[in-house]
Amino acid sequence: MYCCKVTTLKSPPNLPHSKQRRMSVSFSHFSIPFSESSIASSISLSTGAANNFQLLRGSCLVLHGGASDLYQRFRGLKLRILKRLNRRQHVPANDLKRIRNQDKDQPENPSRNDEQISEAASTIPLSNGSTEDHTRTTSQPKKSTLPPLVQTNSSNLNVDDNHERPSLCIAVIGATGELAKNKIFPALFALYYSGFLPENVGIFGYSRKDLTDEDLRSLIASTLTCRIDHQQNCGDKMDAFLSRTYYLNGGYDNKEGMSKLNSRMEQIEAGYPASRIFYLSVPHEALPDVASSLADNAQTKKGWNRIIIEKPFGFDAVSSQLFTKSLLSKFEEKQIYRIDHLLGRNLIENLTVLRFSNLVFEPLWSRTYIRNVQVILSEDLSMPLGRYFDGYGVIRDIVHSHILQTIALLAMEPPISLDGEDIRNEKVKVLRSIRNLEPSDVILGQYKATSGDKVDVSLSSRTPTFFAAALYIDNARWDGVPFMIKAGVGLIKHRVEIRIQFNSVPGNLYRERIGHNTDLATNELILRDEPDEAILVKINNKIPGLGLNLDASELNLLYKDKYNVEVPDSYEHLLLDVIDGDNHLFLRSDELAAAWNILTPVLQWIDQNNIAPELYELGGRGPVGSYYLWAKHGVWWADD
């Protein structure tokens, strides 16, 4: 029989908040420092849990049953404690969310033995809001017929004593590449600096170069910056982050390299439970072998494992299917996060918020009121092309993931909840409902460049840098509404926006005042990410003064005027989602397949007929054919 000893510890007032109060647990006995008045007397257990948690005299909580069963029961108890704290002591909601998502990653029947479980400890930071500090101690009864929980002796684990042992390890595979140096490591530091990563996190860089820990730290140090809006202790935080960054030369044998990485991680973890994230920032052709070797040799058995895979997600439907099959033979779907940094923009996250939390928009979100939808992503000369762009082109690089995912989020039916799987279920329905693309509804383009231009001039003559198309979703909500998409590089300016044009007012009393061009008087909702993030609503109104003159004006919410905050980089947003287990902005395997089913016929048509893209001026507005495509489907072209 094992007693839960309730003890309140009083911390010195000058300690940081995160260190003032900790709940630490071991399975030889429990030591839970919280206020008795706020928690101990109010924990209620479900009927099932009552079979494993029995209250005895003297406030002694006796735990019995199999270790694996208790492991699951205790997580429920921890969540109940957090909920109580959330009501009374304002524990951040993110803590609750993380525990729920961690539970989803735990196997249903843990293979770890009782001794391993006895070594586990859970820590929950508590606010300093208790009304009374005291200690209650009860002696353990001499005899009990209850089954023992564990046979080994274990001391109470105090987190502060083991502050250097990481509870989360993140490995960047391909650590010396440009993406890792310029995006991934800076995003990880930004999360660390802002308090979204554990202070004892372990960061590991892995590549084939012969470097030391200090070499890697020097390599990435120049790319790390602190938030403009809060730069307190920036230098100290940077030093702490770099001190927890390690490097491993994996060599050219991925199996051996991943075994070395696992050993190094275990050395830093020192036997304590820790979860792992692996960011595979490697060339697409190397992904299968790297992922397979990682799965067999570098996953932890003392926590969850998640892998992040960069686009492009295959070259076509066949190659994507083969790679997906290989991944799913080694990982569960819930472990795989296919990342597209364009989906981490605030515009994308705001799509569902704007629609489902505003009554003014949700009733209008259908063919009854919406005339057309335009999804536009144009990049200017300042946006360099990825090294893989030649051969993949804008269709595989941008349209396949970003454009189609944006349409899916915008057009999906309301999910039953904000859980990632519920949202993905609705997204894949939209993708499967998109009508087959006709070649006549597709415009391909390629910029004309010379050696004097600061762009890639070695592109294949058939690699498209511009793509425009008209998509139709064959379902009851969107039947007949054209979704016009335009994606290109080397255009006149950087522009990312969604334009939703509404139908004209039937029998408009002011049509004589509007004139012949009714398109200019059409109501429009514009969600803009670049150049200046904004939400704009175009309406018709009377111009002040004598007479009745109408004008089309914009009601605007300009983010830089409304919110005086620095917008986090999209990689920060998506990495935090991976840590929290929120996967709604990452492509699931069936979404990936549905997207390829839309684009593969177009790609085959291009290859089989040797279709050459229409040339356009570098820094121009794109191929002329796109203007005719918009006119064909009755859509007013939005000026650049």
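For a Förster distance of 60 Å, can you work out the FRET efficiency between the beta-carbons of L548 and A221, rounded to the nearest 0.05?
That gives a FRET efficiency of 0.40.
State, to one decimal in nm, how far the label point of S326 lies from the label point of K429, with both points 7 Å from Cα in the Cβ direction.
3.5
Quick one: pull the percent of accessible area on region 168-310 belonging to carbon and sulfur, 1.4 Å probe, ligands and nucleic acids left out.
Heavy-atom surface of region 168-310 belonging to carbon and sulfur, 1.4 Å probe: 49 percent.
Lysine pairs, Cα distance under 17 Å, 8 or more residues apart or cross-chain: how many in region 221-371?
6
Summarise the accessible area of region 549-635 (1.4 Å probe, protein heavy atoms) by the percent that is carbon and sulfur. Walk me through the numbers before you get to the answer.
On the way: 2130 of 4190 Å².
Carbon with sulfur: 51 percent of the solvent-accessible area.
What does the highest-first list of 239-250, 213-224, 546-557 look like by mean Cβ count within 10 Å?
So the order, starting with the most tightly packed, is 239-250, 213-224, 546-557.
Could you work out how much longer the chain between K560 and Q608 gets when fully extended? Use 0.36 nm per residue separation minus the Cα distance between them, nm to one decimal.
Working: separation 48, 0.36 × 48 = 17.28 nm, distance 4.80 nm.
Contour length minus Cα-Cα distance gives 12.5 nm.
Between beta-carbons, use under 12 Å as the cut-off and find the net charge around D253, counting Lys and Arg +1, Asp and Glu -1.
+1
In sequence order, what are the phi-derived ³J(HN,Hα) couplings for region 426-431 according to the Karplus relation 6.51 cos²θ - 1.76 cosθ + 1.60 with θ = phi - 60°, rounded to whole Hz, with x for glycine and proline?
6, 4, 5, 5, 5, 4
How big is the accessible area of D236 in square angstrom, nearest 10, if you roll a 1.4 angstrom probe over the protein chains?
For D236, solvent-accessible area is about 100 Å².
Using 0.36 nm per residue of separation minus the Cα-Cα distance, give me the extension gain between L615 and R208 in nm, one decimal.
142.5 nm
Enter the Cα centre distance for the pair region 263-310 and region 601-640, rounded to the nearest angstrom.
Taking the Cα centre of region 601-640 as reference, the centre of region 263-310 is 42 Å away.
Under a 1.4 Å probe, what is the accessible area of region 168-310 per residue, stated in Å²?
That works out to 40 Å² for each residue.
If you roll a 1.4 Å probe over the heavy atoms of the protein chains, what accessible area per residue do you get for region 503-640, in Å²? Each step should come with its number before you reach the end.
Details: 7400 Å² over 138 residues.
Here the per-residue accessible area is 54 Å².
How do R338, R511 rank by accessible surface area computed with a 1.4 Å probe, from largest to smallest?
Descending accessible area places them as R511, R338.
The values are calculated or read from the model by the stated rules, or taken from the named source; none is laboratory data. For clarity, every value in this text was computed on a predicted model and none was experimentally measured. For neighbour counting, all protein chains shown are included, and Cβ atoms are generated from backbone atoms with ideal geometry for every residue, glycine included. Ligands, DNA and RNA are excluded from the accessible area calculation, which covers all protein heavy atoms including side chains. Shrake-Rupley method; radii C 1.70, N 1.55, O 1.52, S 1.80 Å.
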